[in-house]
Structures are given as C-alpha cells and as structure tokens.
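Just so you know, all these numbers are worked out from the coordinates, no wet-lab data involved. Just so you know, these numbers come straight off a predicted model, no measurement behind them. Reconstructed Cβ throughout: ideal geometry from the backbone, glycine too, with neighbour counts over all protein chains shown.
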Amino acid sequence: MDSSSDAHGRHKCAACFRQFNKMEHLVEHMRAARHSSHEPRCDICRKHCRSFEAAANCADAFASRGCIICLRVLASAAALGAHRAACRLSRTPPPMMPRALQHHQLPATQPQGVGCALALGCKMVGAGSDGSLDVCARVCVIDEQENILFEALLKPLLPVTHYRSGVEELLLGGEQQPWKVRTSLGRARLLVGHGLDHDLDALGMDYPAYLKRDTATYPPLMKTSKLSNSLRFLTLKYLGYEIQTGRQHPFEDCVAAMRLYRRMRGQQHPRGGRDADAPAATADQAFPAWRQRELERMTPEELLRLSTPDYHCWCLDA
C-alpha cells in the first residue's frame, strides 16, 4: 500500500466510510455530518446512514438473511423465518359503528409526565368552492395500549371548540395552566402522529414542538431525498401490514403511528452519558474550533464518539 492509500485509511470516517486526504477535512466532515450511534446502520457492513431506507446496502447478504421490516440480519434463513413471524404485526380493525362524542379520564395506573405518549389521528373532508380546503370531520386519540381515549364526529359548519377542548385536556394531562407546557415538562404528554401540524391546524390547536413525535418528519423514517414517506408506506414497510384500504377511520392511523413510534423508541442505542431531557449538543459544541489541533490528533472512532445527532432520537424517550 502506498503512502497515499495509507493516509486515506487513517482519514476514513468511522460512520459513513468516506475517505479524506487530510485529517482536517475529516474533522470538518464530522462537524457537518452530525453522525452518531443513533443513526440507522447496515447490520452487515455497519455503515451509518441517514435513514432506514438507505441502511440495507449489502444487497446479496440482506436478500437471503435480512428482515425487510426491522432491517436486522439473522444468522440463517431458518432464523429469519422465525423472526419474521414475530416482527410482522397484525392489522387492528377500527371500531365498526360510529361512537358518540367521548372523553375518558386516563386510568389511575397510567404513567404520568413526558414519556407517556398519546397518538392523534384526523380524517378530513373537502370544503370551499373547489373542495380543496381540508376540514376535520373525525378525530381520534389513543394511548400506548391502543385504547380509544377520545373520539368525535365533527360538524365542519359549526364551531368545534368543545371537541378541541376534549383533546387538549387529554394532552395536557390535567395541567390547569397550559402555559406551563411551554416552559417546563409538567404533566403534558408526548403527541404522536403522522403530519401532526396538518391535523393540529385542522383542529385549531397548537402544541410545543419538543413534545411532538411526528412519523412524517422523523429523519430515520424519511426518504433518502429527505422527503416524507406516507403513513401507509411506513406501516407496510416497518410494521408488515396494510392500512387505509376501504372504509377509513382515524383509529387505524393512530394505531399505526403509535406502533411506529414504539418500534423506534425501543431501539437500543448507546446513550453516551447524556440525559434524555438534556438538549443535544450542537456541532460547534462537539467540535469547537479552539480544539481543532486536538481533534486532528484523534482517531476516527474517537471523533464519532464525540458526535451527536441533529435530531432528538426517540430511544431517549424510553
């Protein structure tokens, strides 16, 4: 091996395997890329990727021993068969008959505080002269056990303030002063959904960004082009069953979003000693300019251990 190839080997990113001519270039790459142990990665070559869509890079080995749902690579084809049966979830049918407007209190044993998640789903109808205006016609909220806590059929031509209040009370977890939700953890709950901003806008509601868990904008679940995948696609790919066929109900969307959230939350990532409630370090904090010389003396593996993701990994909610 010549000296040029040897230098490239020393300056190879430990996450995405890109090679650089100089160590300073690798440091700059780590500063910008925000690699971390929370990124999806190929279970064969161990390469880190921005999304799960890009993680199955070793096509031949994955085709024979890889689970297309969770992307794990099993020891043998027989082990893969047994694994798939447990990995593939079954579809939960929505309630057959429309239910009256309901508002149930959470059970006394329900965990309180951040980390206790609720999922929101809405179904829209067209309004306006050309039918292009989305108006919420049905709303559903479920807990992590897929129990319906709130469901309502809305009348778009009438004010929906009463229905909105029912959803807000569930999300706030009994917090009597909603402004506290924006300034402290309090008793408010995480809100799970797909396209949450769209649903909240239709309900005339707002919710703090740090409490939202949106499967449409979670980086590991997005396309390699950084565009969102549909909930129907994500459910089929990562849960193993189809939704939104035939008569549709927001309960089905709630269940799918909650199951995706729980699957992502259950991933085992090294915590790196950072508390789940602490904000992620910025690139400037992880790789400050004043440490440049020290950083250039580190190995690629040491640089990777310093790096933090630029999004909140849901495993930190567990």
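On full extension of the chain, what length is gained from H25 through H269, given 0.36 nm per residue of separation minus the C-alpha to C-alpha distance?
Contour length minus Cα-Cα distance gives 85.1 nm.
Among the lysines, which fall within straight-line cross-link reach of K155, defined as a Cα-Cα distance under 16 Å, with same-chain neighbours fewer than 8 residues apart omitted?
Reachable lysines: K123.
Can you tell me the FRET efficiency between R88 and C16 if r is taken as the Cβ-Cβ distance and R0 is 51 Å, rounded to the nearest 0.05?
0.95
Convert 25 °C to kelvin, take the viscosity as 0.890 mPa s, use the Kirkwood radius over C-alpha pairs of the range 195-247 as Rh, and evaluate the Stokes-Einstein diffusion coefficient in µm²/s, rounded to a whole number.
For these conditions, the coefficient is 195 µm²/s.
When we measure straight from the Cα of K226, which lysines land under 24 angstrom away, once same-chain ones fewer than 8 places off are left out?
K226 reaches K47, K212, K237.
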